[in-house]
Amino acid sequence: MNGLPLLVAVPALAGLATLALRTPRLRRGLLLGAAVTHAVLTLGGWRYRPAPAWHGWLAMDALSLLFLSLTSLLFLAAAFYAVGYLRSPQARVAETDEDENFLFNPVPEAVFCSCLLFFLGAMTLVILSRHFGLFWVAMEATTLASAPLIFFHRTPRSLEATWKYLLICSVGIALALLGTFFLAAAAGAGADLKLDALLRGAAQLDPRWLKAAALLLFVGYGTKMGLAPLHAWLPDAHSEAPSVVSALLSGALLNTAWLGILRIHQICCAAGLEAFSRDLLVLFGLLSLGVAAVFIIGQADYKRLLAYSSVEHMGILALGLGLGGAAVYGSLLHAAGHSLVKATLFMTAGNLLAAYRTKAVADVRGALTLVPVSGALWLAGLFAITGAPPFVTFLSEFIILQAAVQSSRWGVVVVILLLLAVIFVSMAAIFLRMTLGHAPKQPASATAPGESRWVVLPPLALAALALVLGVWLPAPLTAVLREAAALLGGG
Amino acid sequence: MNTVALGPLALALAAAPLLPGLINRVKAFFAGRRGPPLFQLYYDLAKLLRKGAVYSRTTTWVFRASPAVGVAAGALALALLPSGGTPALLAFPGDFVLLVYLLGLARFFLVLAALDTGSSFEGLGASREVAFSALAEPAFLIALAALARASGSLSLSGLLGAGGGELPVRLPLLLLAAAALMLVLLTENARVPVDDPNTHLELTMLHEVLVLDYSGPDLAFALYAAALKLWLFGAVLVRTLTGWLPGSPALQTAIFLAGLVTVALAVGVIESCMARLRLTRVPHLLIAANAFALLAVLLGMRQG
Amino acid sequence: MMLHSLTSLLLVFLVLANLRLLGASRLNVCIRTVAAQGVALSLLPLLNASGLSLTSFHALALPTATALVKGALFPWLLFRALREAHVQREVEPYVGFTPSLLFGVGSLAVGGHLAARLPLPGGSPLLVPVALATMLTGLFLIIARRQALMQVVGYLALENGIFAFGASVMKEAPLLVEMGILLDVFVAVFIMGITVFHISREFEHTDTERLSALKDWSP
């Protein structure tokens, strides 16, 4: 039995089963079980790379292995966190905003759990799919599976975020579908949209249609990935979703959308349009960095702050790929680092939200004294997300910059450094203000559940991993990263 | 100059006033009335020509010149049109642009004369006429361009005649162009659903209000010019649809005249079955005409 | 050749549907129009197949499914949302109807211009322009109408345009993918319908202009 269909089937079936289950304990157990099974199956992929399944529709190359492992790991952490979150009163009594002072009954937990699992299944399908049509179908499925998750709190604000997310992403993804059809037009009559067939026949692709297709796919999947100026949905959805969902959106979903861009980049390289594709990526990357920097300065909502930081890091990923050479390796490593760190931060943000009951930066003080572990994680996350040593993000950003210097693209180097500095300063100002100082003496802290192990250990583990990878990259990981970079025409 | 075409031109100039009479008979039939005689417009014209003209003190020479310009432009435009079997009296590459501009010239004088009277009602009519024609003229021009593109000829005699390509390929194009031309015909001649020629409410009228101040021979000229215009648009429409038909000149002339009668009948039927559109809706109709014409162009872009 | 003309006729119908969508002031008219457009679309793959081959399962399955989903399920879902949400029946445009219609004609011209640069071998010359014009119309409706349901209609028009293009390009597309796409769009409309219902319940309106709590610039 091939493992690939199983990877998709396990979460999907578990998701269906969760809908039927009545007792919360069983449901949560199933969520954890599916996450663990998925992780174990993925881990198996590191030992024996499974053979392609379904007549080559599903296959696992180095790129998919890398992204699948990230997704699986993050989901495992998120599953544990979600159980802790569902046990807390926060999930039952929705967060209250000062301006919208009413409570709503959240969506039944069953829908939440099964949507989480469907989300995982759809993301796995995206990552494993070798056919652009199937890829699109799965990508749209991730949007649909995650929309109810964002709506979990059922506040007017989350409703607004859900609507924007649904509409913007659906329209963006629709453009990607058009791009997929353009790709078929480029391949001519009887086109086979399997990645391998397209790579083999890349020389025969009509360059005009291919260019238009690449542009549309960049825009389409770039919308989903949150590249500026297509990022409009991202801050809203990330700030209004439950924190565990934000962690998955930012850490896993954005990566899967990025994979779509990587795939079309692969084809562009094979068809001799590498320069076109790389220029586009650099442009998108710089724009994202710039937009993120502008909105991070003086941001009043710390979850939105993290969302804009995601825009920034997606920009760095695009830049890395656009610069080519060694930067491709850096970009892939950065994707891994960003996922780990951003998931840590969003989960920690969830803990802060539970303790302070507000997302306003101005109302959070002295996190280190009120919630010591989360406060420390928040502080560590600051250094990790801004690319300070010894975290893995430092390593990857350094590799990307080094590659830019080596190809003497000084303009790009200066702009990146400048924007990164601006982002570092503004984020540090906000994060330090939140963690240090005296905690407010408000009744919120009295009702705060304290820090349960369920919600502290997952981010802690992810942060530790980001730290370890910064000082020691295991040989198998380096090998896979190199193999993946080679697929994308990088060294 | 093709002197054989003098015959059809003379026929057009003589028979043009028949079309409004025909339309009125159809409407009368639908309403269950006997209706005015077929030659009513001839009687009217004869009566008006015998009368004297009255001019308002505010009017200038523009007001007096306008009906004559209208008739002259109409007659010249008809000379550019091929009728059944024979090419037009005047034919040269690009003459379809001249056709559009001749109609524009007539409209320009009509509108100017209406403004010349200084009446607010006529000003209102003039503004509407200009507003609608701003949409109708492009549609007309684009439709002709589509035909030119499909037939490969820049002359009306060619593009309204037998164009290249086999019929099944060209049929959608011809139908689209014809649909656009039909809508333009209804607008340019102020028929239902754009304007109701029966009403004499100044607030709703288009064409009627523009000629409100004319009397005697001037009114006769204005009415005759309108009849010429109807014949002209009808002829373009008929030739668009039947230009590809083979046959001797006599047969083609017969087909052409039969086509014109059909157009008049169709206008009469439309007028009997439909109500006038709300004024703000008329541009929507004309935008649809533009869309049809544009589709015809696109369809003709890569023939074969 | 006969098929060719029929295809052109269908495409002209699509354009007329676009114009109606742009010019209509009532939501229910728009919902019906976009459904009719979808049904017309479902016939396209039939005509595009080389000759009218109604024998194979594949050739019949997709058009039938498309017609059912686009012609029956979508209007049902949207009308249900319309009824249960008690929303206003006017589309509430930001951009007036006449400029909207002019945009529709302009989109056709843009489509023709782009099609001249991206030649597609075979098929009707109207196909690419009309497909692009339909997509642009959909995007325009999403931007230029306030009603949340109208944005769903715009999304459907966008999808219709893409489908029109895809049906002619992907002649031997795997059934799995086509059905997957259809299923995705169906679920998307389903979830959007539910969301519209919730929006109308929470806010007592479905005017998307007033969904503006989340933003970073406050004027």
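What follows draws every value from the coordinates through simple rules; no lab data is involved. Fair warning: this is a prediction, and the values are worked out from it, not measured in the lab. Backbone-built Cβ (ideal geometry, glycine too); neighbour counts: all protein chains shown.
Here are the numbers:
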| quantity | calculated |
| --- | --- |
| Distance (nanometres) between label positions extended 7 Å along Cα→Cβ at A:V468 and A:R433 | 3.7 nm |
| Alpha-carbon gyration tensor eigenvalues x 5, square-rooted, for chain B, Å | 31, 21, 20 |
| For residues of C:159-168, the mean tally of beta carbons on other chains within 10 Å | 4 |
| Distance in nm between pseudo-label sites at C:S212 and C:E90 (7 Å out along the Cβ direction from Cα) | 1.9 nm |
| Whichever aspartates and glutamates have a C-alpha closer than 14 Å to that of B:K47, once near sequence neighbours (fewer than 8 apart) are set aside | B:D218 |
| Above-threshold pairs, the threshold being 27 Å between Cα atoms, out of A:K224/C:K215; C:K70/C:K215; A:K211/C:K215 | C:K70/C:K215; A:K211/C:K215 |
| For chain B, calculated [θ]222 nm from helices alone, where every DSSP H run of n ≥ 4 adds -39500 (n - 2.57) | -23500 deg cm²/dmol |
| Taking A:W136, A:W209, A:W454, A:W163 and counting other C-beta atoms within 10 Å, the order from fewest to most | A:W454, A:W209, A:W163, A:W136 |
| Rounded to the nearest 20 debye, dipole of the stretch A:3-487 from Cβ charges on Lys, Arg, Asp, Glu | 700 debye |
| Residues A:T155, B:T240, B:T199 arranged by fewest to most Cβ contacts within 10 Å | B:T199, A:T155, B:T240 |
| Selection from B:A10, B:G300, B:G35, by position along the positive dipole direction of chain B (Cβ) | B:G35 |
| Theoretical gain in end-to-end length, A:D196 to A:L32 [0.36 nm per residue, Cα-Cα removed] | 55.5 nm |
| Charge dipole magnitude, Cβ of K and R +1, D and E -1 - the protein assembly as shown, Cα centre, debye nearest 20 | 880 debye |
| Compactness relative to 2.2 N^0.38 Å, alpha carbon Rg of chain A | 0.92 |
| Segments B:259-266, A:379-386 sorted - mean Cβ within 10 Å per residue, highest first | A:379-386, B:259-266 |
| Virtual spin-label span in nm between A:S407 and C:E202, 7 Å along Cα→Cβ | 4.4 nm |
| Nearest 10 degrees, 0 to 90: helix A:3-20 Cα axis against chain A principal axis | 40 degrees |
| The stretch A:98-227 - Rg (one decimal) and Dmax (whole number), Cα, Å | 18.2, 61 |
| Degrees, to the nearest 10: C:148-169 long Cα axis against longest axis of chain C | 10 degrees |
| Centroid-to-centroid separation of the stretch A:265-309 and the stretch A:166-214 [C-alpha atoms, Å] | 22 Å |
| Neighbouring partner chain Cβ atoms per residue of C:93-105, average, 10 Å criterion | 4 |
| Kirkwood Rh, angstrom, the protein assembly as shown [1 / mean 1/r, Cα pairs] | 31.9 Å |
| C-alpha center-to-center spacing [the stretch A:7-33, the stretch A:311-346] in angstrom | 32 Å |
| Two-site FRET efficiency, A:A9 against A:L417, from Cβ-Cβ distance with R₀ of 35 Å, rounded to 0.05 | 0.15 |
| B:M182, C:M150 arranged by Cβ crowding within 10 Å, fewest neighbours leading | B:M182, C:M150 |
| Whole-angstrom Cα spans of the stretch C:2-206 along principal axes, big to small | 52, 36, 23 |
| Average partner coverage of C:130-139, which counts Cβ from other chains inside 10 Å | 2 |
| Rounded tilt (10° steps) of C:127-144 against the dominant C-alpha axis of chain C | 0 degrees |
